[in-house]
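Trainee: Take this structure, written in structure tokens, and hold onto it; I'll ask about it next.
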Amino acid sequence: MAKWGMVIDLDKCTGCQACTTACTMENNRLPGEHWQDVLFYHEGTYPNVKLMWFPRPCMHCENPSCVSVCPTKATYKDPNGGFVLMDYNRCIGCKYCQVACPYGVRFYVDEKAVVQPDIRGAFPSDDGRQWDPPYKGPQDDPSRGIGIQPHGVVSKCTFCYHKVSKAPEGVADLDEDIPELKEYVPACVRVCPPKARFFGDLDQPESRVNRLIADQRGVRLKDETGNKPQVYYLSGGASASVPSLRSMAAAPAPEDAADTINEISDTASRSA
Amino acid sequence: MNNAHPQTSPPAPATHDPAQDLANKRLAILIIALVGLLLAGGQTLANLATQGHAAFNTTNLGLFWGLPIVIYDYFLLTSTGLAMVASLAIVTGAEEFRPVLRRTVWLALAGLLGGVVVLMLELGHPLRALWAVPFSFAFSSPLYWKVMAVSFYVLSLLVLLYRLLRTHWTLQSLRPYALVALALALSVTAIAGVVYGSQSFRPFWASGDIPVAFIFESLLGGLAFIYFFSYLAYAFNPKWMPADLRHLFDTRLPTLLALAIFIHLLFVVARLGSGLYGNAEGLQVWQYLASSPLLYLELFVGLLLPLILLMLPQTRTYPAVQIVASLLVMNALLIARYEYIIGGQLVPLFKGAWAPDLINYVPSMTGWLLLLVAIFLSNAVNAFGELKLGLGSNEQ
Ligand code: SF4
Ligand code: SF4
Ligand code: SF4
């Protein structure tokens with residue numbers, strides 16, 4: 001049985017958000033509540049400041065804390081492929097899984113929309129789902145968290161289960177450049193313009209994802225939590241890097257940003 | 001012995017029947033609670049119908065559990081604290097607690113009902129929870145065990161109450177039932193602590209001693225509630241209180257309440273100290289909390305002041321002091337629960353474009369209304385018990 005994993009090469013990632021957009025389209029996500037997002041932040045202080053970014057889907061952990069805390073087994077680890085999925089029919093909306101996920105990649109569907117006005121108001125649903133967008137994918141499997149989310153549940157990235165699970169048995173890598181496999185490639189991987197994302201079977205030693213992890217010393221985010229992500233990051237330090245701390249992935253607080261801007265303008269006027 | 005009616009009669013005019021006066025006052029309390037429940041509950045339901053869950057001001061940025069969960073846990077732990085006090089008194093054969101046993105167990109059920117109703121209004125699928133949790137057998141989840149423990153805890157309280165409401169009981173005869181209730185109350189409280197304490201990547205929450213801290217916090221809440229609601233049962237008129245109840249209130253109870261405050265204070269100060277000096281990711285919340293007046297209100301007004309008042313021989317037996325002290329402690333515990341549950345979520349898991357700093361959380365009006373719903377509902381149930389069940393009796 002495959003154990004699907006993703007490798008994200010941070011040296012190649014340009015922070016273009018194509019993955020975020022593709023995932024949003026594929027899974028009918030709301031603006032601002034992306035299962036996959038690229039977080040932008042800065043590191044250092046003026047004059048040694050770097051703008052950084054960090055793409056972050058669900059890690060489909062081998063030892064997922066979201067699964068172990070769920071009191072209804074609504075979120076579960078699928079042994080066939082290692083997907084961490086949601087059963088919307090069992091979820092009671094207690095949000096313990098959100099509290100217990102160290103990566104912040106789970107979304108309760110009934111919160112106030114991050115981006116206002118709430119687009120759902122323009123496309124109300126008449127079958128108990130949170131909205132009825134004009135475009136939506138044909139896939140609908142509430143027992144695996146696929147399709148438009150109903151009210152009162154938590155949702156998350158499915159590792160594009162609806163695509164990946166249909167891949168031919170025994171295939172080591174799902175590569176969008178192989179024509180016969182591209183339909184099975186997760187949306188975020190398939191659209192990545194600089195090809196920074198790779199998807200394959202972590203249980204096959206010869207898979208490309210395994211070779212990348214071995215050759216380029218792939219690391220997992222917040223490995224100290226014991227969750228053992230199935231998403232690995234490659235970072236040679238040339239560009240974006242894996243933030244080791246939560247606060248390192250921080251955009252400036254508003255007052256800090258104002259100070260920095262003042263400092264820059266002071267320096268500029270002095271040198272003028 | 002029958003203490004359903006006050007033993008010490010007030011020097012009332014001949015036309016006044018003190019028992020009737022007291023009954024009228026209790027009826028008034030019941031009516032006020034019901035009207036309050038109707039108003040607060042009606043407005044809450046209206047808000048939920050128009051805004052849905054968004055009425056709680058929680059977010060997907062990291063503040064997942066807001067004021068409703070604070071209220072739920074506050075009432076739940078108060079309930080287990082009351083149950084612990086009552087069952088400990090029975091198990092240890094503390095005869096002087098007789099006059100408050102019925103009231104304490106009934107109050108534990110009333111408080112629990114208030115908390116559970118709030119939880120049901122907060123959950124995405126409350127009805128589904130009724131079958132999905134028990135039949136999931138999700139043994140790895142602390143919440144699963146919490147729900148199961150609460151279910152058995154309610155049953156144990158009902159059995160204990162049933163025995164207490166019967167005639168001719170002795171502490172000895174109640175001991176087996178009290179032991180079961182005590183074990184379950186301890187379990188519920190400890191598991192509630194594990195729900196938070198096990199989240200190792202949230203250092204503000206994570207600690208092995210949280211379940212123990214919760215147990216002492218519950219005991220403190222239980223003692224404070226016994227004081228306050230016993231006075232309320234006699235319309236805050238100490239002259240109407242039975243002599244044996246007054247005796248308890250002037251001898252053992254102030255000492256126990258002071259001791260419980262002191263132990264709770266030790267936990268609070270220990271956590272505050274290590275939190276302020278610690279530099280682990282997430283502990284910066286302590287600096288934030290230390291800059292807010294709420295923490296000092298809790299520490300100095302809610303805990304230290306009642307501790308001093310209850311320790312001074314000149315003040316500890318004054319009814320007004322006891323009422324104020326218990327009220328202050330009840331509020332301090334609500335602040336503590338709020339700061340703990342909200343504080344553990346203020347540092348976002350990954351800051352970034354959407355959450356640049358500590359998460360800004362302000363409880364919504366619907367959240368505060370839920371607090372009123374819980375207060376009025378528990379008070380209505382409690383007042384009904386005072387009116388109809390003879391909760392002040394030692395036995396029927
Ligand atoms: S990243 Fe979070 S939601 Fe995804 S599997 Fe791991 S713990 Fe669960
Ligand atoms: S919100 Fe749903 S999936 Fe998450 S822990 Fe609760 S029941 Fe499980
Ligand atoms: S794997 Fe699919 S669901 Fe997950 S982030 Fe990528 S596109 Fe979204």
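Trainee: Check whether at least one residue in region A:49-66 is touching a residue at least 24 places away in the same chain (Cβ under 8 Å), within 14 Å of ligand 3 (Cβ to nearest atom) and more than 14 Å from chain B (Cβ to nearest Cβ), and report yes or no.
Mentor: There is at least one residue in region A:49-66 that is touching a residue at least 24 places away in the same chain (Cβ under 8 Å), within 14 Å of ligand 3 (Cβ to nearest atom) and more than 14 Å from chain B (Cβ to nearest Cβ).
Trainee: List the number of the failed condition for residue A:37; all other conditions in (1) closer than 20 Å to residue A:148 by Cβ; (2) free of Cβ contacts under 8 Å to residues at least 40 places away in the same chain; (3) within 16 Å of ligand 2 (Cβ to nearest atom) hold.
Mentor: Of everything listed in (1) closer than 20 Å to residue A:148 by Cβ; (2) free of Cβ contacts under 8 Å to residues at least 40 places away in the same chain; (3) within 16 Å of ligand 2 (Cβ to nearest atom), residue A:37 misses just condition (3).
Trainee: Then there's this: Can you tell me how many residues within region B:76-117 are among the aromatic types (Phe, Trp, Tyr) and under 16 Å from the mean Cα position of the chain (by Cα)?
Mentor: Counting residues in region B:76-117 that are among the aromatic types (Phe, Trp, Tyr) and under 16 Å from the mean Cα position of the chain (by Cα) gives 1.
Trainee: Residues of region B:318-360 being surrounded by fewer than 19 Cβ atoms within 10 Å (Cβ to Cβ) and among the aromatic types (Phe, Trp, Tyr), which ones?
Mentor: B:318
Trainee: Let me ask another. Residues in region A:85-97: is at least one more than 13 Å from the chain's Cα centre (by Cα), within 16 Å of ligand 3 (Cβ to nearest atom) and more than 14 Å from chain B (Cβ to nearest Cβ)?
Mentor: The answer is yes; a qualifying residue exists.
Trainee: If you check A:82, A:15, A:32, which single one turns out to be closer than 25 Å to residue A:167 by Cβ and either within 16 Å of ligand 3 (Cβ to nearest atom) or buried (at least 22 other Cβ atoms within 10 Å of the Cβ) (or both)?
Mentor: None of the others qualify; the one that does is A:82.
Trainee: Also, I was wondering about something else. Is it true that some residue in region A:129-143 is in contact with a strand residue (DSSP E or B) (Cβ under 8 Å, 6 or more places away or on another chain), within 16 Å of ligand 2 (Cβ to nearest atom), part of a loop (DSSP other than H, G, I, E, B) and within 14 Å of another protein chain (Cβ to nearest Cβ)?
Mentor: Checked region A:129-143: at least one residue is in contact with a strand residue (DSSP E or B) (Cβ under 8 Å, 6 or more places away or on another chain), within 16 Å of ligand 2 (Cβ to nearest atom), part of a loop (DSSP other than H, G, I, E, B) and within 14 Å of another protein chain (Cβ to nearest Cβ).
Trainee: Ok, one more. Based on what the data block shows, is residue B:183 out of contact with any helix residue (DSSP H, G or I) (no Cβ under 6 Å at 6 or more places or on another chain) and surrounded by 17 or more Cβ atoms within 10 Å (Cβ to Cβ)?
Mentor: Here the answer is no, as residue B:183 does not meet what is asked.
Trainee: I'm told residue A:193 meets every condition in (1) more than 16 Å from ligand 2 (Cβ to nearest atom); (2) in contact (Cβ under 8 Å) with a residue 60 or more places away in the chain; (3) assigned to a loop (DSSP other than H, G, I, E, B); (4) within 14 Å of another protein chain (Cβ to nearest Cβ) except one. Can you identify the failing condition by its number?
Mentor: So residue A:193 meets the others, but not (4).
Trainee: Residue A:72 passes all but one of (1) surrounded by fewer than 22 Cβ atoms within 10 Å (Cβ to Cβ); (2) over 25 Å from residue A:224 (Cα atoms); (3) within 14 Å of another protein chain (Cβ to nearest Cβ); which number fails?
Mentor: (1)
Trainee: Only one of B:147, B:105, B:85, B:116 is without any contact (Cβ under 8 Å) to a residue 40 or more places away in the chain and either within 19 Å of residue B:184 (Cα to Cα) or not in a helix (DSSP H, G or I) (or both). Can you tell me which? Quick ask: steps written out before the conclusion?
Mentor: Working: B:105 fails: without any contact (Cβ under 8 Å) to a residue 40 or more places away in the chain; B:85 fails: without any contact (Cβ under 8 Å) to a residue 40 or more places away in the chain; B:116 fails: without any contact (Cβ under 8 Å) to a residue 40 or more places away in the chain.
When all the criteria are applied, what remains is B:147.
Only the coordinates and a few stated rules stand behind these numbers; no lab work does. Since the structure is predicted, the reported quantities are computational estimates derived from the model, not experimental observations. Heads up, the Cβs are rebuilt from the backbone with ideal geometry, glycines too, and the neighbour counts pull from every protein chain shown.
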